[in-house]
């Protein structure tokens, strides 16, 4: 065993023990510790900014882009936001202990299905140091021990944040940060299914691919968001323009932003010029299918690749389709099963679309930008899962829990 | 690409298309097809027995044990049981379409969380041919397309069963059986996460290990059942004897059978002789810790290995412990997180035990043998998951579903 392997396995054993200790805490005890974590963050602004300064300096020396450096940067306002976020999590209801179902069998045995913590969760992430606090705190609230493995760019910030969180009276090893940032540490984590019940990778496709191919335990991924808006023939076209503009331009760099618009053939000639004007006013580049080009004239031609691309930029692919079934077929084939919306006043077409689309979030007359734990009212979000098992779509606190069956009887035997 | 790879990928594409077709069926349409499947099975007894005869002949030539041959064997009664099982699944409520949660946001958007099929499920199993029908039918009921890969011993039976099920009007490719039984086919299935949303391996530890290490998609495992019974100092000792005998001997070869008994030090001297007499009357070999041997005298000594062993046989390991926390620690360390029971009249000790034990099923004064989908009232069981994500413990129909968020609005935008 290498030193890295030994260290991380030791952290795994410690995380398991911490998970059992965490499982003994009441909601009030956890919330008191969370508030102490927020206070510790507020009391450590100078240390956190100093540690972050080292990362920024190293980042500049490495030639990181301005955008990368901005992601990495902490300032007083961001540290305060981190603390306020922790206080907010303390206020949320605790899903642990919730009885999901209970019933009695004819033999008198009473069975309860109760939410319990998952146990131990590995979080593998890239440059943003605030993930250290966000992920650790959501897992702590739900009684899970975490092993965090952040990117090398933020290592000083991450260490400082983890050290501050650990001043607040949490059970020993409830929150552990891996001191290594090389790739071997990811492989070691992915292999130790005895000590980690779940891995959540947060970052680019390369990182997620690596984790998926190595992991022996469950992984919850959030891959691309290639989101679609389908303008039906029965759409309110003004509403469709507003939804297209909002979905595409309100925040183009995020996973619930619109990437492809599908338009019913019967309304394309009327709708596309209206939409093009509004979208171009916001600086959106349009790439269209043949029919779109015929109507708009000056759009760029879309290639097959465009239908499979998450631009995360002010670019929109547009395709004219023969109806809602063609829209569904296109989405199920080219989409990323994240979020799609239909604009229509035809309730039946809407219901057929919602049922047939194989995506985590399917909307009727709603901007794709509402596919978000905050907008759903979850209070906190650890990510948006594009998986179908365990958690799908926005993940709040309850998605960080498992369940257990508890049965109570009076000596019932089967024989 | 090898022929095996090409064939199986093609089946994957077909399964995905079939899943979309299945998702369009109503519960009534699915149930009508299920009843037609049962009728087709009843009308094909001769073909099924003939195909099974080929497997039995090959099995005898290969020198399979009598127990293996019995697992492999179909007869008229077993074929009828298969058909009756399908009829029973048709009668069960369909979880698909069930609204798990619904709420309205302050902006007027109404959100529903609705159960939907998972999509496509790979089932990899070993010798019992009835798994072909059981698994395919449960997946069909929940709107999932299946790709089945059975063991080589049952290949003729499996082909015949799949062919019969496919005479009943299900969407094309809803149920597909892989025609290969070599190990490459398992690797190919495990790699094609584009086409399979979930793999469920049913079989020995070697098979499960292979699938876990290769799979890129979620896997739901059922590993060992190293189940424990803890006799507390406040136990009704007669009840404890009855529960120990039932848990250990009612069906010793199954995963919810008892393997290790933990006994509180204060009652060990009184309880162990009573228990030993009753267990030995049923032919159980006892292996004890030092304290157990001191009391029982003639038990065999248990080694460290015994605490980690699933005997699946008339052998019981016994350990004297200092209290319920020591019992919990032993279970969480040595158990397989399947099913554990406490025998006590002390309600507080029971509640502490239920909460602290990290297992799918935790029981109070109930035989471990009740950890079973049928006994829970699920009507059908695809297995008992020892995983914590998505499904834990007995898996019925609802564990074969995912969910989707459907939101309806009037043109809400975020900007």
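All of the numbers you see were taken from the coordinates with simple rules; none came from a lab. Quick caveat, the model's predicted, so the values are computed rather than measured. Cβ placement follows ideal geometry from the backbone for every residue including glycine, while neighbour counts extend to all protein chains displayed.
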_Exam field: residue A:27 pseudo-label spacings to other copies (7 Å along Cα-Cβ), nanometres_ = 3.2
*Highest-MSF residue in chain A out of A:67, A:276, A:133 [GNM, Cα springs under 10 Å]*: A:67
*So between residue B:91 and residue B:181, what do we pick up on full extension, going 0.36 nm a residue minus the alpha carbon distance?*
29.1 nm
*Once the Cβ-Cβ distance between residue B:46 and residue B:205 is put in as r, and R0 is 35 Å, what FRET efficiency do you end up with, to the nearest 0.05?*
0.40
*In whole Å, largest first, what are the principal axis extents of the Cα atoms in chain B?*
70, 67, 40
*Mean Cα-pair separation over length for segment A:227-371, i.e. relative contact order, pairs under 8 Å, 6 or more apart, %*: 34
*Angle, helix B:347-356 long axis vs. longest principal axis of chain B, Cα atoms, 0 to 90°, nearest 10?*
50
*To the nearest 10 degrees, how steeply does helix B:155-165 sit against the main Cα axis of chain B, on a 0 to 90 scale?*
60
*Least to most buried among B:370, B:378 (fewest other Cβ within 10 Å first)*: B:378, B:370
*Taking every Cα atom in segment A:224-321, find the radius of gyration and the maximum pairwise distance Dmax, and write them in Å.*
11.8, 31
_Neighbour-count ranking [beta-carbon atoms within 10 angstrom, fewest first] of B:182, B:75, A:224_ = B:182, B:75, A:224
*Mean projection of the alpha-carbon convex hull of the protein assembly as shown over all orientations, in nm²?*
36.6
_Could you identify the residue of B sitting closest to the B-A rotation axis by Cβ and state that distance rounded to whole angstrom?_
B:390, 2
*asked:* Taking 35 Å as R0, compute the FRET efficiency from the Cβ-Cβ separation of residue A:28 and residue A:238 and round it to 0.05.
replied: 0.10
_chain B: most fluctuating residue of B:355, B:115, B:202 per GNM, C-alpha cutoff 10 Å_ = B:355
*At 222 nm, what helix-only mean residue ellipticity would the protein assembly as shown give, in deg cm²/dmol to the nearest 500, using -39500 (n - 2.57) for each DSSP H run of four or more?*
-13500 deg cm²/dmol
*asked:* Taking 37 °C and 0.692 mPa s as the conditions, I'd like the Stokes-Einstein D for segment B:271-415 in µm²/s, using the Kirkwood hydrodynamic radius from alpha carbon pairs.
replied: 181
*Translational diffusion coefficient, Stokes-Einstein: compute it for segment B:1-155 using the Kirkwood radius over C-alpha pairs as Rh, at 10 °C and 1.306 mPa s, and state it as an integer in µm² s⁻¹.*
89
*asked:* Compute the helix-to-body angle for A:265-281: its Cα long axis versus the longest principal axis of chain A, expressed 0 to 90° and rounded to tens.
replied: 70
*Shortest first and in nm with one decimal, please list how far the residue B:1 label point sits from its counterparts in the other copies (point 7 Å along Cα→Cβ).*
4.2
*Normalising by the residue count of chain B, find the relative contact order in percent from Cα pairs under 8 Å and 6+ residues apart.*
18
*May I ask for log10 I(q)/I(0) of segment B:124-181 at q = 0.16, 0.19, 0.22, 0.24 Å⁻¹, from a Debye sum over the Cα atoms as equal point scatterers with solvent left out?*
-0.40, -0.57, -0.76, -0.91
*How far apart are the residue A:280 label points across copies, placing each 7 Å from Cα toward Cβ, in nm, shortest first?*
9.5
